[in-house]
Amino acid sequence: MSDCIFCKIIDDEIPSSKVYENEQILVFKDIAPKAPVHLLMIPKKHIPSLAEVTADDSDLLGYMLSKVPEIAKTAGLKGFRTIINTGKEGGQIVFHIHIHILGGGGSLPF
Ligand code: AMP
Ligand code: ZN
């Protein structure tokens, strides 16, 4: 998607602080962290949101979730929070599906 900022991050057209990358996913630091550690995990496939996911994406989404503990552990987190905002009314700002991984600094407020 040419006008998607996360696709541009994948293509290195926009700089980011990458912490993990492979053929299917990219993990980078959120530019406006809401916790001492705030990472975003995205698929390299452009899927606008969780609302647009189809059965064809189930392996990819399962894979992403299965990678979260490894990423969190590497980031030094003993516990973490995962968030997927979906749709404008769900707080989504960037329409390329992403998993927020937050933690560090004690218990998270809610
Ligand atoms: P959401 O509200 O779930 O769509 O979250 C989008 C997140 O992307 C926000 O936490 C932003 O701070 C973050 N963000 C936006 N632009 C960038 C960027 N260029 N690099 C890193 N994080 C970004
Ligand atoms: Zn995209």
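The values are calculated or read from the model by the stated rules, or taken from the named source; none is laboratory data. None of the values given here were measured: they were computed from a predicted structure. Note that each Cβ is placed from the backbone with ideal geometry, even for glycine, and that neighbours are counted across all protein chains shown. Protein only, heavy atoms only, side chains kept; ligands, DNA and RNA dropped before computing areas. Shrake-Rupley method; radii C 1.70, N 1.55, O 1.52, S 1.80 Å.
Could you count how many residues in the range 37-50 are open to solvent by 60 Å² or more (accessible area, probe 1.4 Å) and away from ligand 2 (no atom under 11 Å from the Cβ)?
So the count comes out to 1.
Any idea how many residues of the range 65-74 are surrounded by 13 or more Cβ atoms within 10 Å (Cβ to Cβ) and either at positive phi or in contact (Cβ under 8 Å) with a residue 40 or more places away in the chain (or both)?
2
For T54, are the conditions met, namely being among the hydroxyl-bearing types (S, T, Y) and under 20 Å from G105 (Cβ atoms)?
Details: among the hydroxyl-bearing types (S, T, Y): yes; under 20 Å from G105 (Cβ atoms): no.
No: the conditions fail for T54.
If I go through the range 2-36 residue by residue, how many of them are surrounded by 16 or more Cβ atoms within 10 Å (Cβ to Cβ) and more than 13 Å from ligand 1 (Cβ to nearest atom)?
The total comes to 1.
Considering only the range 82-110, state which residues are in contact with a strand residue (DSSP E or B) (Cβ under 7 Å, 6 or more places away or on another chain) and either more than 13 Å from ligand 1 (Cβ to nearest atom) or open to solvent by less than 60 Å² (accessible area, probe 1.4 Å) (or both). Steps first, please.
Our first condition is that a residue be in contact with a strand residue (DSSP E or B) (Cβ under 7 Å, 6 or more places away or on another chain); within the range 82-110, this holds for 82-84, 96-104, 108.
Correct list: I83, H96, I97, H98, I99, H100, I101, L102, G103, G104, L108.
Which condition number does D56 fail, the rest of (1) of a type in the set (D, E); (2) open to solvent by 80 Å² or more (accessible area, probe 1.4 Å); (3) under 23 Å from E21 (Cα atoms); (4) within 16 Å of ligand 2 (Cβ to nearest atom) being met?
So the condition that D56 fails would be (4).
Considering each residue of the range 75-97, count those that are of a type outside the set (V, I, T) and in contact (Cβ under 8 Å) with a residue 60 or more places away in the chain, and give that number. I'd like the intermediate steps shown before the answer.
To start, the set of residues in the range 75-97 that are of a type outside the set (V, I, T) comprises 75-81, 85, 87-92, 95-96.
Filter once more, so that each one left must be in contact (Cβ under 8 Å) with a residue 60 or more places away in the chain: 95-96.
Number satisfying all stated conditions: 2.
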